[in-house]
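Undergrad: Pasting in a structure now, in structure tokens, and then I'll have a few things to ask.
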């Protein structure tokens, strides 16, 4: 009988302990892994500029070239050409947007003229400024892919853009007379700062 009472007491104690433990709050949640926003190429950490090209005071782009049997020199030329192509597209877009903003703010020309001036200026500026572009950095991924960072100083782009805008407007006498107003010149300096 004592054995039954002892077993009963033991079962009761175990039940009470289970109930208390079960009601003791929430189960600890598994630790949630924070997202990793570091720059990775091919699954390995890479220089930040390979994901987000940036050079202070410059316009920058990245070009890549896969490993080549022709050697690292050939690979570098391909990566530089790709970076300069990307840079040209970025400069054309940037300059075209600034020229369109400038012409709207000064009230010069009609839409068709503005668009043709913006397009001509952006292509001319991209061509001129790419001659001054230079490689700033390089990194080789585990697969052998070469990444290069190429940049051109923003002041160089802005100076070329100002000259191209002035030349383009000079070609149309009516636009040139409107353009020469003080407001237009101040607006041009604001859109394309060189100092």
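Each reported figure results from applying straightforward, stated rules to the coordinates on display, with no laboratory input. As the structure is a computational prediction, the values presented were derived from the model and not from experiment. Glycine also receives a Cβ, built like all others from the backbone with ideal geometry; neighbour counts cover every protein chain displayed.
Undergrad: With the crude spin-label approximation of a point 7 Å out along Cα→Cβ, what separation in nm comes out for residue 68 versus residue 195?
TA: Spacing of the two 7 Å Cα→Cβ label points: 4.5 nm.
Undergrad: Quote to one decimal, in nm, the extra length available between residue 39 and residue 97 on full extension: 0.36 nm per residue of separation minus the C-alpha distance between them.
TA: Stretched fully, the residue 39-residue 97 segment lengthens by 17.9 nm.
Undergrad: At a Förster distance of 35 Å, what's the computed FRET efficiency of residue 143 paired with residue 119, Cβ-Cβ distance as r, to 0.05?
TA: Working from the Cβ atoms, E equals 0.35.
Undergrad: Given R₀ = 22 Å, FRET efficiency for residue 167-residue 89 by Cβ-Cβ distance, to 0.05?
TA: 0.45
Undergrad: Here's something else I'd like to know. When the chain is fully extended, how far beyond the present Cα-Cα distance does residue 127 get from residue 56, taking 0.36 nm per residue of separation?
TA: In short, 23.4 nm is gained.
Undergrad: Would you list 59, 72, 91, 78 from fewest to most Cβ contacts within 10 Å?
TA: Neighbour counts put them in this order, fewest first: 72, 78, 59, 91.
Undergrad: A further question on this structure: Arranged by the count of other C-beta atoms within 10 angstrom, fewest first, what order do 154, 186 take?
TA: The fewest-first ordering by Cβ neighbours comes to 186, 154.
Undergrad: Then there is this: Could you line up 38, 84, 77 from fewest to most neighbouring Cβ atoms inside 10 Å?
TA: The order, fewest Cβ neighbours first, is 38, 77, 84.
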